[in-house]
Every structure is written in structure tokens, then in C-alpha cells.
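Engineer: First the structure, then my questions, so here it is.
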Amino acid sequence: MFALSEEELRGRLLGCGDGPASFNCMMTRRGGHVVSVDPIYRFSADEIRNRIDETYEEVMEQTRKNKNEFVWGRILSVEELGKVRMAAMNDFLSDYAAGLREGRYVDASLPTLPFEDGEFDIALCSHFLFLYSEHLSEDFHVRSIEELCRVASEARIFPLLELGAKKSRHLETVVDRLERCGFVVNVVKVPYEFQKGGNEMLRVIAT
């Protein structure tokens, strides 16, 4: 979803809003350098596991109701999606204690991050910015992307849709404001699509 090359995967990566995902775990096993940020990391592994168990059926039911909004290709059904997500969450939980000790999981959230200027090569944000445009303001998006570009050489945000599989109401104005502030902003098509029409990321570079 971020069209990361092998060379880019060897860089210093920051993931914002990562939640109980397996990217950090998988990349660490490969010798990568990833730091994940999410307020969920203030909780213990047992608390996170309990929350996952409590919400699993509700999340799956919502996916069934909205299954026409998704492309069922690599993943063929809602049931298979559930298995894939639970496997990723289990990988995360198996790595969580070690990741906390090593500083790879950090309790923090946008639009303010506890890192130095330019500490990372690429900052990634998936399924948070733009997706929740109904709840997060245009100003929040601009301040968050500026912060991502403060701590990293570039930011990549995916997808550019909000809930309901429609283009984010903030996208055009956010791009315009960032460009007027001197950022280089591009919408880039990526080789990944699960939400229908969700095959683009925003790439933002500070000049």
C-alpha cells in the first residue's frame, strides 16, 4: 500500500496509528528499523488482547454489511479476512513485550510526536488520516502531515478515502494548503486495493 522499495525498507521507518498490526514485528525479524506509534501502546498485552476479542465479532459483522465496498481478490471472503487479521494481531502480541523494551512501540499520537527533527527516513500512516475525515478536521490533517514531515524526510498516507469508500472531503484542500506551505505533494497510485478505489497514497516531501 505504500509502494516501498527494498532500499526504502532498509531505512528508518515510522508507522503512525499502527495499532495491533504485524508490520513492525515482521520487519524486525528481517533486520529492519521500524518504530510504531499508537495510544493503544499504553495498555498491556492482555488488555489489548481482551479488547480485540471483545470487538472481533462486531468488526466482522460491520465488514459483512459493507462487503460491497471491498475488492475480494487476494482475500476471498470476510471469514478469510478475519483469519488474516487475527494472525497479524497474534504476531503483534507475540512481539509486543520485546518491542516495548526496545522502544519500537511508543505510546503517542498525531499531531504531536516525541521524536527529533529528521529522525526517520519515511513516516507511514495507514487507515487513519483521511479515513476518519468525518471526525478529524482539515486543520488536524494539515498539522499531522506537517509533523510527519518534521520527523521524517517524507510522509506517505494511505488510503485517500474516508469511510464509505469515497474520496476524503479534506483531500483537495489539504493538498492545496501543504503546497502553499512549500511541500511537494503527489498522489501516487499503488499496487494494492482492498477498499474499492482505495489504490492511491499521498506522498509529501518537505523542501
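Engineer: Anything in region 23-52 that is in contact with a Gly (Cβ under 6 Å, 6 or more places away or on another chain) and of a type in the set (Ser, Thr, Tyr)? List them, or say none.
Structural biologist: Within region 23-52, just SER36 meets the criteria.
Engineer: Restricting attention to region 178-207, which residues are among the charged types (D, E, K, R) and surrounded by fewer than 16 Cβ atoms within 10 Å (Cβ to Cβ)?
Structural biologist: Passing the criteria: GLU179, ARG180, LYS189, LYS196.
Yes/no per residue for (1) of a type in the set (Phe, Trp, Tyr); (2) over 20 Å from SER126 (Cβ atoms); (3) part of a loop (DSSP other than H, G, I, E, B):
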| site | (1), (2), (3) |
| --- | --- |
| GLY31 | no, yes, yes |
| SER36 | no, no, no |
| ILE40 | no, no, no |
| ASP46 | no, yes, no |
| ARG49 | no, yes, no |
| ILE52 | no, no, no |
| GLU57 | no, yes, no |
| GLN62 | no, no, no |
| TRP72 | yes, no, yes |
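Engineer: Does region 18-28 contain any residue that is within 23 Å of ALA165 (Cα to Cα) and either of a type in the set (A, V, I, L, M) or outside any loop (DSSP other than H, G, I, E, B) (or both)?
Structural biologist: yes
Engineer: Okay, next question. Only one of these conditions is not met by THR55: (1) of a type in the set (Ser, Thr, Tyr); (2) surrounded by fewer than 16 Cβ atoms within 10 Å (Cβ to Cβ); (3) under 30 Å from GLU119 (Cα atoms). Which number is it?
Structural biologist: Evaluating THR55 over (1) of a type in the set (Ser, Thr, Tyr); (2) surrounded by fewer than 16 Cβ atoms within 10 Å (Cβ to Cβ); (3) under 30 Å from GLU119 (Cα atoms) leaves (3) as the failure.
Engineer: Could you list all residues from region 123-177 that are β-branched (Val, Ile, Thr), buried (at least 21 other Cβ atoms within 10 Å of the Cβ) and in contact with a Lys or Arg (Cβ under 7 Å, 6 or more places away or on another chain)?
Structural biologist: Within region 123-177, none qualify.
Engineer: If the requirement is being buried (at least 17 other Cβ atoms within 10 Å of the Cβ) and among the hydroxyl-bearing types (Ser, Thr, Tyr), which of these qualifies: SER5, SER36?
Structural biologist: SER36
Engineer: Restricting attention to region 74-97, which residues are out of contact with any Leu (no Cβ under 9 Å at 6 or more places or on another chain) and not in a helix (DSSP H, G or I)?
Structural biologist: Hits for region 74-97 are ARG74, LEU76, SER77.
Engineer: State yes or no: is SER22 under 17 Å from the mean Cα position of the chain (by Cα) and within 21 Å of VAL190 (Cα to Cα)?
Structural biologist: Answer is yes for this residue.
Engineer: Acidic (Asp, Glu), in contact with an Asp or Glu (Cβ under 6 Å, 6 or more places away or on another chain) and under 27 Å from GLN195 (Cβ atoms) - does that describe any residue in region 65-74?
Structural biologist: no
Engineer: Same structure, new question: Would you point out the residue of region 80-122, among those that are of a type in the set (Val, Ile, Thr) and without any contact (Cβ under 8 Å) to a residue 60 or more places away in the chain, that is surrounded by the fewest Cβ atoms within 10 Å (Cβ to Cβ)?
Structural biologist: Per the criteria, the residue is THR112.
Every number in this text was worked out from the coordinates using simple rules, so none of it is lab data. Fair warning: this is a prediction, and the values are worked out from it, not measured in the lab. All Cβ positions, glycine included, derive from the backbone under ideal geometry; neighbour counts span all protein chains shown.
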